[in-house]
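The values are calculated or read from the model by the stated rules, or taken from the named source; none is laboratory data. This is a predicted model, so every value here is computed, not measured. Glycine also receives a Cβ, built like all others from the backbone with ideal geometry; neighbour counts cover every protein chain displayed.
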Amino acid sequence: MTQEKMDRISALYRKSKAEGLTEAEKQEQAALRQEYRDSVRKSLAGQLEHTYIIDETGKHKAEEYFEEKKAEAKKHQS
């Protein structure tokens, strides 16, 4: 998400508190907020994909863990 879009989210928030938003501005705010949430989720997913989980024996558990999570996600999508 660009800094301009983040600044717009902030501006719309300030305006909503000061004087309220038009219906078009409310829709714009909702769309920008959703885009921001999607961006954060994507970034977090990328970070987690490169995170290693090591058990007490020193074995990397990341592959097993993420395979389980992917299987759970697919089950919930069905």
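Please tell me if residue 73 is among the hydrophobic types (A, V, I, L, M, F, W, C), modelled with pLDDT of 95 or more and assigned to a helix (DSSP H, G or I). Against the criterion (among the hydrophobic types (A, V, I, L, M, F, W, C), modelled with pLDDT of 95 or more and assigned to a helix (DSSP H, G or I)), residue 73 does not qualify. Does region 51-63 include one or more residues that are among the polar types (S, T, N, Q), free of Cβ contacts under 8 Å to residues at least 24 places away in the same chain and part of a helix (DSSP H, G or I)? Scanning region 51-63, I find no residue that is among the polar types (S, T, N, Q), free of Cβ contacts under 8 Å to residues at least 24 places away in the same chain and part of a helix (DSSP H, G or I), so the answer is no. Taking the numbered list (1) outside any helix (DSSP H, G or I); (2) exposed (fewer than 10 other Cβ atoms within 10 Å of the Cβ) in turn, residue 4 passes all entries but (1). Within region 27-55, the set of residues being closer than 14 Å to residue 5 by Cα and among the aromatic types (Phe, Trp, Tyr) comprises 36 only. The numbered conditions (1) exposed (fewer than 10 other Cβ atoms within 10 Å of the Cβ); (2) touching a residue at least 24 places away in the same chain (Cβ under 8 Å) are all true for residue 47 except (2).
From the list 30, 62, 11, the one residue that fits, being surrounded by 10 or more Cβ atoms within 10 Å (Cβ to Cβ), small (Gly, Ala, Ser) and at pLDDT below 80, is 62. Within region 65-78, residues that are closer than 18 Å to residue 51 by Cβ and free of Cβ contacts under 8 Å to residues at least 40 places away in the same chain sit with their Cβ atoms under 8 Å from residues that are outside any helix (DSSP H, G or I) and β-branched (Val, Ile, Thr), at 6+ positions apart or across chains, in these pairs: 65/53.
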